[in-house]
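This report concerns only the one structure given below.
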Amino acid sequence: MFIDKARIYVHAGKGGNGCLSFRREKYVPHGGPDGGTGGKGGDIIFRVSPSLKTLYDFQCRSHYSSANGTPGQGGNKAGRNGKDLVLYVPPGTVVFRNGKILTDLITPGEEIIVAQGGCGGRGNTAFKSSKNRAPRIAEKGEPGEEAVIDLELKLIADVGIVGYPNAGKSTFLSKVTQARPKIADYPFTTLTPNLGVLKSKNKEIIFADIPGLIEGAHFGKGLGRDFLRHIERTKAILHLIDIFGYQGKSAKEIFFLLNRELELYNPELLKRPMLIGLNKIDLPEANPDGYLRGKSFSFGKKKYPVFLLSALTGEGTKEICLEILKILNSLPAEVKKEETRGNYVFLPDFEVCTSSRKEKGNIFQVSGKKVERLVAMTDFSQKEAVKRLQNIFSKMGLDKVLEKKGINEGDTVKIGEWEFIWQKG
Ligand SMILES: Nc1nc2c(ncn2[C@@H]2O[C@H](COP(=O)(O)OP(=O)(O)OP(=O)(O)O)[C@@H](O)[C@H]2O)c(=O)[nH]1
Ligand SMILES: [Mg+2]
């Protein structure tokens with residue numbers, strides 16, 4: 001089954017807790033701290049696999065999580081890292097993370113981390129200092145990232161074949177490539193896109209045959225809009241039109257209507273090179289020598305060349321393919337897409353939102369990756385850990401900001417999933 005859209009939920013592994021331990025050995029008094037760091041949680045990674053053609057697997061399962069790191073141990077033993085979870089996607093998958101586009105995965109082997117595993121918490125060895133030789137503090141592991149991921153497949157092809165139903169698009173694909181799509185004498189035979197590869201001397205041309213389009217496709221009529229997405233990435237567009245037209249419309253009218261659909265869907269599509277194949281000239285009534293030979297159709301100010309062909313017998317298909325090859329060769333080499341990773345945006349350490357309540361004082365919601373992480377990694381059963389958290393918050397200026405916002409004793413401070421009651425000092 002061809003599935004080209006999916007929504008999944010990912011939850012990366014949590015880091016292992018740091019260990020609070022002291023060296024205890026015979027004849028070694030005051031052995032000092034020896035709690036090791038927890039292991040890192042596994043990441044969730046998408047990797048492109050060229051053998052995949054659809055997002056079908058993600059339709060069957062929607063929740064994915066990677067392994068947690070194991071806790072650190074005494075004797076300065078670090079915890080084991082959680083295993084990464086690699087999910088394979090077909091080439092041409094656009095990845096959205098929490099509603100924002102993250103990347104476009106195209107080349108085989110390309111990968112991206114969509115949810116990072118949490119860091120391991122530090123054991124008490126890490127907190128040893130000249131002032132504090134026996135720290136009773138160890139961090140908890142950092143929670144792994146959670147995200148809603150939307151996947152959208154846009155086929156990668158050089159030429160998109162568009163046309164009204166029954167025009168012979170699939171027949172053309174099966175004639176010039178090895179692909180064997182379903183062909184039949186009724187409209188909307190093709191329900192999902194097909195790809196085919198034409199191998200010429202030193203170049204390959206990938207054709208995408210999409211389901212038939214009709215007027216109104218851009219707003220979802222027929223099989224419409226969903227499949228127009230698959231020609232967005234093509235370099236050129238081949239209009240395949242029945243020389244006899246469709247349901248009383250002439251070939252020229254169809255060309256006009258189809259272009260309008262493309263324009264309404266995405267005006268960029270009309271900037272691509274386009275050519276027209278008038279199909280079924282083998283039929284006796286077709287009279288190809290008539291008015292259409294050597295003509296061109298126009299749309300807007302541009303003129304597009306018309307080729308006469310029969311997808312069934314193969315007549316004229318070579319000429320149009322040679323022209324397509326010429327067009328593709330004349331296009332400038334693809335510019336390598338921009339690296340989407342490594343663009344860091346500096347965010348403030350925290351933000352404070354206030355809301356008031358009638359009873360129990362006001363609520364101060366503090367958000368920000370750094371503060372939330374700190375709170376999540378603090379073990380509140382350890383006095384020293386709580387003290388450290390308070391110190392960090394006051395160094396970050398959180399106390400001052402809260403006071404400026406008018407916090408009073410008894411008000412609630414919420415950070416992540418935790419709530420604290422504010423006390424002076
Ligand atoms: N005589 C003749 N018949 C053709 C030619 N090309 C296609 N046909 C016939 O036209 C009908 C439709 O062909 P398809 O290739 O399924 O058309 P399509 O454009 O893929 O149609 P949809 O998938 O429904 O949009 C089939 O019965 C084909 O055999 C041709 O060049 N000559
Ligand atoms: Mg078809």
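Against the empirical 2.2 N^0.38 Å (N residues), the chain has a Cα radius of gyration ratio of 1.43. If the chain linking CYS60 and THR107 were pulled fully straight, counting 0.36 nm for each residue of separation and taking away their Cα-Cα distance, it would gain 14.4 nm. Quick one: of LYS14/LYS83; LYS128/LYS400; LYS271/LYS326, which pairs are farther than 20 Å apart, Cα to Cα? The pairs that break the limit, which is 20 Å between Cα atoms, are LYS128/LYS400.
Quick one: net charge of GLY75's neighbours, Cβ under 11 Å, K/R +1, D/E -1?
+1
In this simple spin-label model, placing a label point 7 Å from the Cα along the Cα-to-Cβ direction at both PHE380 and THR313 gives a separation of 8.3 nm. Pairwise Cα distances in region 159-330 exceed 21 Å for 41 percent of all pairs.
Label positions at GLU263 and THR354, each projected 7 Å from the Cα along the C-beta direction, are separated by 5.6 nm. For region 49-152, GluC sites (Glu not before Pro) meeting the loop criterion (DSSP other than H, G, I, E, B) and having at most 16 other Cβ atoms within 10 Å: GLU110. Just so you know, the Rg over Rh for region 5-153 is 1.20, from Cα atoms, with Rh as the Kirkwood radius. For ILE3, the residues 5 or more places off, or on other chains, whose built amide H falls under 5 Å of its own are LEU55, TYR56. Select from the chain the helices, each a whole stretch of DSSP H, whose alpha-carbon atoms run 18 Å or more along the helix axis and whose Kyte-Doolittle mean is at least -1.0; answer none if there are none. Helices meeting the criterion: 251-265, 317-330, 383-396. Here is the size of region 351-421 from its Cα atoms: Rg then Dmax, 12.0, 34 Å. Which distance in nm do the two modelled labels at GLU215 and GLN365 give, with both placed 7 Å along the Cα-to-Cβ direction? Using points 7 Å along Cα→Cβ, the separation is 5.0 nm. Both radii are taken from the alpha-carbon atoms of region 143-229; with Rh as the Kirkwood radius, Rg/Rh is 1.11.
A short reminder: the numbers here are calculations on the coordinates, not readings from a lab. Quick caveat, the model's predicted, so the values are computed rather than measured. Ideal geometry is used to build each Cβ from the backbone, glycine not excepted, and the neighbour counts take in all protein chains shown.
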